[in-house]
């Protein structure tokens with residue numbers, strides 16, 4: 001799950017979680033802008049959205065549903081490609097999590113915020 005839907009550093013504590021963790025907003029932007037990684041992440045997110053009639057928990061089980069939520073929250077924050085209905089990551093949050101982003105991710109992002 002981590003290498004398909006990466007999440008912010010500090011959310012997972014296993015060696016695998018730490019290995020694939022995104023270390024801040026700049027790294028998340030770079031990941032999304034990467035010519036291979038960004039399109040693959042968007043394609044995987046769109047594939048999840050194509051599943052109808054199932055919850056994230058039914059699709060992924062627990063705790064992977066929570067990892068999807070934290071990943072979507074992270075990339076919704078840095079997504080430049082936003083249409084009228086939001087980015088694919090905003091749509092994941094809306095469809096599978098009732099529009100509620102992951103609070104722990106948002107808290108950690110506050111620690112990584114770019115200085116004004």
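Does segment 92-106 hold any residues that are surrounded by fewer than 14 Cβ atoms within 10 Å (Cβ to Cβ) and part of a helix (DSSP H, G or I), and which are they? 103 - this is the single residue of segment 92-106 that is surrounded by fewer than 14 Cβ atoms within 10 Å (Cβ to Cβ) and part of a helix (DSSP H, G or I). Screening residue 47 against (1) closer than 17 Å to residue 7 by Cα; (2) out of contact with any strand residue (DSSP E or B) (no Cβ under 8 Å at 6 or more places or on another chain); (3) part of a helix (DSSP H, G or I) leaves a single unmet condition, (1).
In this entry, residue 23 is excluded by the filter for residues that are farther than 18 Å from residue 67 by Cβ, in contact (Cβ under 8 Å) with a residue 12 or more places away in the chain and out of contact with any strand residue (DSSP E or B) (no Cβ under 7 Å at 6 or more places or on another chain). Selection over segment 30-48 of residues that are surrounded by 14 or more Cβ atoms within 10 Å (Cβ to Cβ) and either closer than 21 Å to residue 94 by Cα or under 11 Å from the mean Cα position of the chain (by Cα) (or both) gives a count of 7.
The numbers here are math on the coordinates, done by the rules we state, and not lab data. Source: prediction; values computed, not measured. Because the Cβ atoms are built from the backbone with ideal geometry, glycine has one as well, and the counts that use them run over all protein chains shown.
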